[in-house]
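Let me begin by presenting the structure, written as structure tokens, before commenting on it.
The values are calculated or read from the model by the stated rules, or taken from the named source; none is laboratory data. In this text, all values refer to a predicted model and were calculated from it rather than measured experimentally. Methodologically, a virtual Cβ is constructed for each residue, glycine included, from the backbone with ideal geometry; neighbour enumeration extends over all protein chains shown. Protein only, heavy atoms only, side chains kept; ligands, DNA and RNA dropped before computing areas. Shrake-Rupley method; radii C 1.70, N 1.55, O 1.52, S 1.80 Å.
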Amino acid sequence: QAAPGIGTQVSAATRTVGQTFTDTATMTFPAAGPVPTGTVTFRLYSSVTSCTTGGAATQTTTGTLNAAGVATSGTFTAVAPGTVVVVATYGGDANYNAIVYDAAACNSGSEQGVVNQAAPGMGTQVSDGARTVGQTLQAPVTRTFPARGPGPADAVASRGHPSRPTRPEGRPRAP
């Protein structure tokens, strides 16, 4: 059996928490040889260190090689800020040997991507627009976060102050 090569490219070098991305693997093989067949396994690691030390992958997908020897992963979701690494391995076929995990691939720039923090949105809506001077006004806060992304570490109170939650009647609680 011949020894194929594999080259990969992450679809987006930079993304934000909650966004999705894919990886594409292109097999290299002798010009006169048959096109490799089978599947490529793509593993997402949460950091370069996790990848190089043999840590567990946080997400795994597979892709089937097409007639040109190219496979695209399933969708990965960026779940935390930092540098992530995708490593591809090939299962082999009747003509070509398998390509197994190699920690050296973890340091390849084409295998790495940066995940940035997401910026949650916030909006308010007054419950009743008609008020006279001296009446209480309540405006609940609605926070939005990226799909599948984490929320903020501190809840934001209805008056917009992160460290002083409010009582149901709208008055701040003592710190």
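Values computed for the structure shown
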| item | result |
| --- | --- |
| Candidate set from region 98-109 (those that are out of contact with any Phe, Trp or Tyr (no Cβ under 8 Å at 6 or more places or on another chain) and either aliphatic (A, V, I, L, M) or closer than 26 Å to Pro34 by Cα (or both)); member that is most open to solvent (accessible area, probe 1.4 Å) | Val100 |
| Number of the exception - Ile6 against (1) farther than 30 Å from Ala119 by Cβ; (2) modelled with pLDDT of 95 or more; (3) open to solvent by 40 Å² or more (accessible area, probe 1.4 Å) | (2) |
| Within region 2-108, strands (runs of 3 or more DSSP E) holding 3 or more residues that are over 30 Å from Gly121 (Cα atoms) | 5-10, 23-28, 39-45, 59-64, 70-72, 82-90 |
| The one condition in (1) open to solvent by 30 Å² or more (accessible area, probe 1.4 Å); (2) closer than 21 Å to Pro4 by Cβ that Phe42 fails to fulfil | (1) |
| Sole exception among (1) touching a Phe, Trp or Tyr at 6+ places or on another chain (Cβ under 9 Å); (2) of a type outside the set (S, T, N, Q); (3) under 15 Å from Ala3 (Cα atoms) for Ala94, by number | (1) |
| Answer from Val79, Val35, Val70 - the residue that is in contact (Cβ under 8 Å) with a residue 24 or more places away in the chain, open to solvent by 30 Å² or more (accessible area, probe 1.4 Å), in contact with a Ser or Thr (Cβ under 6 Å, 6 or more places away or on another chain) and not polar (S, T, N, Q) | Val70 |
| Residue in region 82-97 that is farthest from the chain's Cα centre (by Cα), counting only those that are open to solvent by 20 Å² or more (accessible area, probe 1.4 Å) and closer than 13 Å to Phe29 by Cα | Asn95 |
